[in-house]
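Peer 1: Following this message is one structure expressed as structure tokens.
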Amino acid sequence: MSEKQSHWEKVYKEKGPADVSWTQEKPELSLELIHKTGLDKNARIIDVGGGDSRLVDYLLTEGYTNITVLDISAAALEKAKARLGEKAQSVKWIAGDVEAFEPDVQYDIWHDRAAFHFLTTPEQINRYVQLTAKAVNGTLILGTFSENGPEKCSGLPVTRYSEEKMVHTFADYFEVNGCQTHLHTTPFGTTQEFRFCSFTRLRGK
């Protein structure tokens, strides 16, 4: 197990939803951006860094049938499975680092809230861009800390993004649909500024 995996296993084994800053009772903006794609309920969706997020709960309740959740922490995924009970059998769960992810399908919607910004070197960021270029045939939805957001999360450094920086990072393969600032209120009552952008995969690139 890598040092990074050990870090996240420890976090999810020792802390509950009320103890971590990223917890959302309902991921309203993520759901809104998924709805805006206009895709059918059988659209192939992956939630990258989904961990113990409740996005999968709401997608299942709304009738989406083709959902994958990828997270570096197996403990996080086990928490989500336990919460969902029998519904968890309808989801494909992948415990692994997105940097080593080799998808065997393409996704209509790739959603990532607060995983991408943990990639801090040009090499890591480029690998992610190349991965999404290969794995996404529809919409890419990314939520990261904005340029005014925290410089660290869970003790780890992050890369912060302005709209211009986000668009430029993915410009070779994706056309931006729009970006917006989102203020997330943590379980501790503090706020964190996020940048959310939605992209469409360019054809023939």
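Peer 1: Find the Cα radius of gyration of the range 37-86, compare it with 2.2 N^0.38 Å by division, and give the number to two decimals. Don't skip to the answer; put the middle values down first.
Peer 2: On the way: Rg = 10.9 Å, N = 50, 2.2 N^0.38 = 9.7 Å.
Normalised Cα radius of gyration, the range 37-86: 1.12.
Peer 1: Given R₀ = 25 Å, what would the calculated FRET efficiency be for E123 paired with K41, taking r from the Cβ atoms and rounding to 0.05?
Peer 2: Here the calculated transfer efficiency is 0.10.
Peer 1: If I model a spin label at Q180 and L60 as a point 7 Å from the Cα along the Cα→Cβ vector, what separation in nanometres do I get?
Peer 2: 2.7 nm
Peer 1: How many lysine pairs are close in the range 9-148, with Cα atoms under 14 Å apart and the two 8 or more places apart or on different chains?
Peer 2: Numbers: K10/K79; K13/K79; K15/K79; K79/K87; K81/K92.
Here the count comes out as 5.
Peer 1: I would also like to ask the following. Please list, ordered by chain and number, the residues whose modelled amide H lies under 5 Å from the amide H of S73; skip anything fewer than 5 residues away on the same chain.
Peer 2: The answer is G96.
Peer 1: Considering the chain, which cysteines have no disulfide-compatible partner, defined as another cysteine with its Cβ under 4.7 Å away?
Peer 2: Cysteines of the chain left without a disulfide-compatible partner: C153.
Peer 1: From the Cα gyration tensor of the range 118-205, with a ≥ b ≥ c the square roots of its eigenvalues, which class applies: rounded if a/c is under 1.5, or else prolate if a/b is larger than b/c, or else oblate? Before the final figure, lay out the partial values.
Peer 2: On the way: a/c = 2.41, a/b = 1.65, b/c = 1.46.
Because a/c hits 1.5 or more and a/b exceeds b/c, the range 118-205 counts as prolate.
Peer 1: Placing +1 on the Cβ of each Lys and Arg and -1 on the Cβ of each Asp and Glu in the range 77-164, which of F145, L77, H117 has its Cα farthest towards the positive end of the resulting dipole?
Peer 2: Positive-most Cα among the choices belongs to L77.
Peer 1: Rounded to the nearest 5, what is the percent of antiparallel bridges among the DSSP beta bridges in the chain?
Peer 2: Values: 20 of 40 bridges.
So the antiparallel bridges amount to about 50 percent of the total.
Peer 1: Work out the P(r) tail for the range 164-205: percent of alpha carbon pairs separated by more than 16 Å, whole number. Intermediate values should be presented prior to the final figure.
Peer 2: Working: 407 of 861 pairs.
It works out to 47 percent of all Cα pairs.
Peer 1: Give me the dipole magnitude in Debye, nearest 20, for the chain about the Cα centre, with unit charges on the beta carbon: positive for Lys and Arg, negative for Asp and Glu.
Peer 2: Dipole magnitude for the chain comes out near 200 debye.
Peer 1: While we're here: Considering every Cα-Cα pair within the chain, what fraction, in whole percent, is farther apart than 32 Å?
Peer 2: Roughly 9 percent, once rounded to a whole number.
Peer 1: Per DSSP H run of at least 4 residues, take -39500 (n - 2.57); add these up for the chain, divide by its residues and hand me the 222 nm value, nearest 500 deg cm²/dmol.
Peer 2: Working: 6 runs with 61 residues, N = 205.
Theoretical 222 nm ellipticity from helices: -9000 deg cm²/dmol.
Bear in mind these aren't lab numbers, they're just calculated from the coordinates by the rules spelled out. All figures in this text were calculated on a predicted structure; none of them were measured in a lab. Glycine also receives a Cβ, built like all others from the backbone with ideal geometry; neighbour counts cover every protein chain displayed.
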